[in-house]
């Protein structure tokens, strides 16, 4: 993978998008990954290996953000340990499967799947 040519402009834009992703993820518990995918596609397109690399990079960026948000939620007592215990094993299996499939699904299909998921999630949030 190529290295990002450092410019102050790109660094500031990435930092701003990172802050926005963190705030959105911390506030809503989701959505930071969407902002991260957009940032990676826009500002790291010359160094990412491919479009699927944008999803993989975004996931790696979101891990520490999610761990921090989760820790703060737990500290404030906002996590249902009963639900957590049942959800995590299958989510880990699904995450492994998704990681395997990422390299096998064409980037244009990943873009369509991602967009459809965002649209469906938005509609469901509005109507429920």
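Read-outs throughout are calculated quantities, based only on the coordinates presented, and are distinct from any laboratory measurement. Because the structure is predicted, anything quoted here is derived from the model rather than measured. Here the Cβ is made from the backbone with ideal geometry for all residues, glycine too, and neighbour counts use every protein chain on show.
Quick notes
- Crossing angle, helix 8-28 versus the chain [Cα axis fit, 0-90 degrees, rounded to tens]: 10 degrees
- Peptide ranges 16-26, 76-86 listed from the most packed, as the mean C-beta count within 10 angstrom indicates: 16-26, 76-86
- Separation of alpha-carbon centers, the stretch 3-44 and the stretch 70-120, rounded to whole Å: 19 Å
- Max mean-square fluctuation residue, GNM over the chain, Cα-Cα springs under 10 Å, options 59, 102, 28: 28
- Gained length - residue 79 relative to residue 123, 0.36 nm times residue gap less alpha-carbon distance: 13.3 nm
- You can think of it this way: the chain between residue 96 and residue 115 has 4.7 nm of extra reach, that is 0.36 nm per residue less the Cα-Cα gap.
- Three-way shape call for the stretch 8-127 based on the alpha-carbon gyration tensor, with the a/c threshold at 1.5: oblate
- For the stretch 8-127: relative contact order, % (alpha-carbon pairs under 8 angstrom, 6 or more apart): 20 percent
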